[in-house]
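Colleague: Before I ask anything, here is the structure I am working with.
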Amino acid sequence: MEMREIELFSMKGLKISVDVDGNRVVSARAEGPLSKVASPVMRLIDEFMVKERPAYIGEDFVVPSLFFPPIPSKAFRRAMRTQLVTRLKKKVPEILSVSITDYCTANCPMCGHGERAKEPMLTTEEMKKLIDDALALGTYTFLFTGGDPVLRSDLPELIEYVPKEKAVVIMFTPAQTLYKRAKELKEAGLHSVFVVLHDADPDVHNAMMGTEGAFEKAVRSVKACLDEGILTGIVAILTKERLSHIHELIDFASELGVYELLLSDPLPTGRVLHREDIMLTPEEREFVAKLQEEHNSKGEGVKIFANARVKGCSGVGCVAGSRWLHITSTGESQACDYIPLSFGNIRTNKLSDIWKKITTHPWFAKHTDLCRIQDMEFRKRYFHNIPANTLLPYPIEKIDSKK
């Protein structure tokens, strides 16, 4: 296959292009008077598209990760403008995740949500207003999660409501019934989906889901989504016990033909809020980070996206409250999906005011490389002060008011 150029982005004073050879991006460049302004973006392109590789390369577009819009596209152009605004002026909630329902057919022992109020759930109209408000703030990636978002009947309507020239919709799901709805979700405009599939061994996956038959249904859902042309990935919690045979999952994901394998650190939150023993050590996180780099540099098999690398000194660091905003199914706001601290409810507070409150909070105004959930100083200040047997998320001001 001949070398070809793909123009990723252009505006007055700036053009960003990459050279592609087969399934590899071999070089990237920024041209024009504004090229220096785009240097942070170019570093990310170099790190995650050139040194490693994208999730998918089409004839005239690139998908660096299932988390991001195709490049080029109108949604990516808007994302680039958001990046420039972020570098020059203010923080923007680039990713808005929403637990559109907390109902779920799985019973994961390590569920990151724990006990939450399930009602009154945000209505369809409240969800649409949330989408409008997030777009006004600059959001370009909407992440629908749960519980299991597939259980919500108006899911296709919500996906379709997001204007595809402005943003993409991705979804996380335990996928116990996804195979039944793959076609309608594709038609609604779903950009990508991550199916929870923890291990290549059915027994291990079923145990981690607390559900018999979960493995078979997840694999069936993966195949159904791929058949419908949905960009499909797998998300797995990489526990300490499974580090030694992670290559079995990598091989399995490659055989299934998924585009990306998201390896998530085990996080002590939700049902395991105080199980700090499950956290990977710095050495174990470094092992996973190197695994991603070495595997992706080969350009074969599934692309790996490991939180241990992305949320570290070699990646972008913790994006909670700086690029990421989360809303629960009942409207409570959090800095990310897994930090169970509420900054207010969108039913009684403007989304813009909530975002300002988070970004100016002393613990979120400053950048940190390490995921805050794994930061023991942060945990001692906040997580250790969440009362036992309480519904999550817990109001952060109740802890801040204590000296």
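Read-outs: derived from the displayed coordinates by stated rules, not from any lab. The structure displayed is predicted, hence computed values, not measured ones. Methodologically, a virtual Cβ is constructed for each residue, glycine included, from the backbone with ideal geometry; neighbour enumeration extends over all protein chains shown.
Colleague: Using a 7 Å offset from the Cα along the Cα-to-Cβ direction at both residue 402 and residue 275, what is the distance between the two label points in nm, to one decimal?
Modeller: Modelled inter-label distance: 2.4 nm.
Colleague: How high is the relative contact order of the chain, in percent, counting Cα pairs under 8 Å that sit 6 or more residues apart? Don't skip to the answer; put the middle values down first.
Modeller: On the way: 785 pairs, mean separation 61.2, N = 403.
Here the relative contact order equals 15 percent.
Colleague: Between residue 4 and residue 115, how many nm apart are label points set 7 Å from Cα along the C-beta direction?
Modeller: 5.7 nm
Colleague: 5 Å is the cut-off here: which amide hydrogens, built 1.01 Å from N in the peptide plane, fall below it relative to residue 189, excluding neighbours closer than 5 in sequence?
Modeller: Distant-sequence amide H within range of residue 189: zero hits.
Colleague: Can you compute the helix-only [θ] at 222 nm over the chain? Use -39500 (n - 2.57) per DSSP H run of at least 4 residues, normalise by all residues, nearest 500 deg cm²/dmol.
Modeller: -9000 deg cm²/dmol
Colleague: Moving on to the next point. Hey, any idea what the orientation-averaged projected area of the convex hull of the range 125-241's Cα atoms comes to, in nm²?
Modeller: Answer in nm², one decimal: 7.9.
Colleague: What number, in percent, do you get for the relative contact order of the range 1-152 if the mean sequence gap of Cα pairs under 8 Å and at least 6 apart is divided by its residue count?
Modeller: About 19 percent, as a whole number.
Colleague: Here are some values of volume of the Cα convex hull per residue in Å³: (i) 132; (ii) 203; (iii) 147. Which one was computed from this structure?
Modeller: Only one option fits the structure, namely (i).
Colleague: Another question, then. For the range 1-57, what class follows from the C-alpha gyration tensor (a ≥ b ≥ c being the square roots of its eigenvalues): rounded when a/c is under 1.5, otherwise prolate if a/b is larger than b/c, else oblate? Before the final figure, lay out the partial values.
Modeller: Details: a/c = 2.71, a/b = 1.59, b/c = 1.71.
Oblate is the answer for the range 1-57, as a/c is 1.5 or above yet b/c matches or exceeds a/b.
Colleague: Per 0.36 nm of contour for each residue apart, how much would the distance between residue 287 and residue 350 grow if the chain were fully extended, relative to their Cα-Cα spacing?
Modeller: On the way: separation 63, 0.36 × 63 = 22.68 nm, distance 4.21 nm.
Stretched fully, the residue 287-residue 350 segment lengthens by 18.5 nm.
Colleague: Going down the list 118/164; 180/223; 356/402; 90/380; 15/164, which pairs span over 20 Å between their C-alpha atoms?
Modeller: Over 20 Å apart, Cα to Cα: 118/164; 356/402; 90/380; 15/164.
Colleague: So for the pair residue 35, residue 177, with labels modelled 7 Å out along Cα→Cβ, what separation do we get in nm?
Modeller: A separation of 5.4 nm, rounded to one decimal place.
Colleague: A further question follows. Could you tell me which of rounded, prolate or oblate describes the range 310-403, using a ≥ b ≥ c as the square roots of the eigenvalues of the alpha-carbon gyration tensor, with rounded for a/c under 1.5 and, failing that, prolate when a/b is larger than b/c and oblate otherwise?
Modeller: Cα axes put the range 310-403 in the oblate bin.
Colleague: According to the Kirkwood expression over distinct Cα-Cα pairs, how big is the hydrodynamic radius of the range 335-384, in Å? It would help to have the intermediate numbers written out before the result.
Modeller: Values: mean 1/r = 0.0840 Å⁻¹.
That comes to 11.9 Å for the range 335-384.
Colleague: Find the all-direction average of the projected area of the Cα convex hull for the range 36-107, expressing the result in square nanometres with one decimal place.
Modeller: 7.4 nm²
Colleague: Separate question: Over the range 190-298, calculate the relative contact order: mean separation of alpha carbon pairs under 8 Å at least 6 apart, over the residue count, as a percent.
Modeller: It rounds to 24 percent for the range 190-298.
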